[in-house]
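Novice: Here it is, the structure in full.
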């Protein structure tokens with residue numbers, strides 16, 4: 001049995017109740033086969049894959065807080081510190097009812113390779129809670145965040161583990177968490193990224209994941225003799241990533257005709273009105289039905305359906321496993337040329353394979369949505385230097401990073417005889433740097 005198969009067998013036996021984590025590990029290790037086979041004796045002797053798929057440590061803790069009615073509520077908090085071979089642990093905090101240890105492990109594992117691809121010195125980690133900030137008052141969110149950080153602060157620090165935002169964790173939540181960390185630890189340091197601009201945050205951080213997604217998509221198109229100008233784009237999601245992906249795509253001359261939230265989706269043949277979308281989702285925190293009510297050209301549909309719209313480019317920006325095999329078949333039938341992931345693992349394995357087998361250019365999230373964590377690392381740099389860069393400076397660095405990621409994953413795929421397989425290229429390029437660092441540092 002090959003080393004990859006042995007490790008996959010062990011991981012599946014040990015983590016049988018964590019399907020998202022198993023999916024992520026399988027996707028990565030399968031695509032790393034050519035690299036592992038070329039170095040099998042060394043990697044097996046050093047148990048490299050076993051060490052890579054087992055987190056350095058993971059924390060699970062109780063988060064009690066008091067709601068506005070005086071009732072005590074209890075949630076569960078998590079932090080997984082996966083691998084710090086190339087830098088301090090770095091990864092967001094997800095606040096969503098679906099959060100469990102398997103999802104946090106999948107996200108933390110993906111983060112190892114995503115962070116490596118940025119070229120910046122940051123390792124992989126992830127955290128969060130099954131707390132749902134939707135419908136909660138500011139005071140309730142503060143109560144939760146303070147309780148959450150009271151425990152989390154024991155395990156993090158500017159040179160140890162630097163959490164950030166994720167689904168459900170925006171500037172409000174980061175602010176409350178940072179305040180509590182400072183209060184307990186008595187330290188003012190860049191321990192969180194995604195902070196407000198008045199206390200160490202970075203310009204362009206809000207836009208970074210969505211903008212970065214479009215910078216790599218634009219480079220992909222350019223290297224295939226295409227441009228963004230005049231292309232029809234479908235986007236899922238209506239959160240931070242989706243909003244700024246839509247904005248940047250339209251600045252590049254494309255027309256984005258869809259977005260979605262957890263209850264339904266919008267089709268707007270005249271192009272999504274970004275200002276209206278921001279007002280509905282960021283200011284009012286309302287449903288997309290309000291977008292449709294305010295814009296005559298928009299159609300609102302319940303449930304799923306974004307991928308049924310004819311397009312040139314598809315950008316899944318909502319959540320894991322949202323683009324299924326039937327969606328992939330529809331995209332191919334409708335002539336879609338490229339799928340670039342704005343969310344973490346939004347495309348199922350069979351859908352990914354179908355898209356690749358049918359000639360669709362496919363870039364996985366660990367490469368295409370790395371702009372967010374890259375800009376978080378740039379925020380860490382600014383905090384260390386006690387400086388603030390302009391929006392244009394940060395944006396230019398972000399674009400350079402994303403263009404470099406595209407060429408690095410393209411080159412890695414070509415080196416191993418799989419030109420055009422950007423999933424394999426991303427995993428190989430991310431893995432090689434981490435593996436060399438792990439081997440150099442001995443058994444740790």
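Novice: Can you give me the number of residues within the stretch 248-260 that are outside any strand (DSSP E or B) and either without any contact (Cβ under 8 Å) to a residue 40 or more places away in the chain or touching a strand residue (DSSP E or B) at 6+ places or on another chain (Cβ under 7 Å) (or both)?
Specialist: Selection size over the stretch 248-260: 7.
Novice: Being free of Cβ contacts under 8 Å to residues at least 40 places away in the same chain, part of a loop (DSSP other than H, G, I, E, B) and closer than 12 Å to residue 383 by Cα is the filter here, so list the residues in the stretch 183-200 that pass it.
Specialist: Of everything in the stretch 183-200, those that are free of Cβ contacts under 8 Å to residues at least 40 places away in the same chain, part of a loop (DSSP other than H, G, I, E, B) and closer than 12 Å to residue 383 by Cα turn out to be 188, 191, 192.
Novice: Select from the stretch 70-85 the residues that are closer than 20 Å to residue 106 by Cβ and in a loop (DSSP other than H, G, I, E, B) and list them in ascending order.
Specialist: Once the filter is applied, which keeps residues that are closer than 20 Å to residue 106 by Cβ and in a loop (DSSP other than H, G, I, E, B), the stretch 70-85 yields 84, 85.
Novice: Yes or no: residue 328 buried (at least 16 other Cβ atoms within 10 Å of the Cβ), free of Cβ contacts under 8 Å to residues at least 40 places away in the same chain and within 22 Å of residue 423 (Cα to Cα)?
Specialist: So residue 328 passes the test.
Novice: Still on this structure, I have one more. Restricting attention to the stretch 407-444, which residues are in a loop (DSSP other than H, G, I, E, B), in contact (Cβ under 8 Å) with a residue 60 or more places away in the chain and under 21 Å from residue 49 (Cβ atoms)?
Specialist: 416, 418, 421, 441, 443
Novice: Here's a follow-up. Would the stretch 214-222 turn up any residue that is under 30 Å from residue 302 (Cβ atoms), touching a helix residue (DSSP H, G or I) at 6+ places or on another chain (Cβ under 8 Å), in a helix (DSSP H, G or I) and not assigned by TED's automatic domain parsing to the domain that holds residue 152?
Specialist: Yes, the conditions are met somewhere in the stretch 214-222.
Novice: If we scan the stretch 213-226, do we find a residue that is touching a residue at least 24 places away in the same chain (Cβ under 8 Å) and farther than 19 Å from residue 362 by Cβ?
Specialist: The answer is no, given that none of the residues of the stretch 213-226 is touching a residue at least 24 places away in the same chain (Cβ under 8 Å) and farther than 19 Å from residue 362 by Cβ.
Novice: Another question, if that's okay. Select from the stretch 118-151 the residues that are part of a strand (DSSP E or B) and more than 30 Å from residue 424 (Cα to Cα) and list them in ascending order.
Specialist: Selection gives 129 alone.
Novice: I would also like to ask the following. Which members of the stretch 230-247 meet the condition of being within 18 Å of residue 215 (Cβ to Cβ), out of contact with any strand residue (DSSP E or B) (no Cβ under 6 Å at 6 or more places or on another chain) and surrounded by fewer than 22 Cβ atoms within 10 Å (Cβ to Cβ)?
Specialist: Residue satisfying the conditions is 247 alone.
Novice: So, in the stretch 162-172, exactly how many residues are crowded, with 22+ Cβ neighbours inside 10 Å and outside any loop (DSSP other than H, G, I, E, B)?
Specialist: 5
Novice: Hey, could you check the stretch 228-243 for residues that are part of a loop (DSSP other than H, G, I, E, B) and in contact with a helix residue (DSSP H, G or I) (Cβ under 6 Å, 6 or more places away or on another chain) and say which is modelled with the highest pLDDT?
Specialist: Only one residue fits best here, namely 228.
Novice: Of the residues 373, 339, which single one is under 22 Å from residue 249 (Cα atoms) and either surrounded by fewer than 19 Cβ atoms within 10 Å (Cβ to Cβ) or not assigned by TED's automatic domain parsing to the domain that holds residue 225 (or both)? Give the derivation first.
Specialist: Details: 339 fails: either surrounded by fewer than 19 Cβ atoms within 10 Å (Cβ to Cβ) or not assigned by TED's automatic domain parsing to the domain that holds residue 225 (or both).
Criteria check complete, one pass: 373.
Novice: Now for a different question. Of all residues in the stretch 94-117, which are surrounded by fewer than 24 Cβ atoms within 10 Å (Cβ to Cβ) and assigned to a loop (DSSP other than H, G, I, E, B)?
Specialist: Of everything in the stretch 94-117, those that are surrounded by fewer than 24 Cβ atoms within 10 Å (Cβ to Cβ) and assigned to a loop (DSSP other than H, G, I, E, B) turn out to be 96, 97, 98, 100.
The values are calculated or read from the model by the stated rules, or taken from the named source; none is laboratory data. Computed from a predicted structure; not experimentally measured. Don't worry about glycine lacking a Cβ; one is built from the backbone with ideal geometry, like all the others, and counts go over all protein chains shown.
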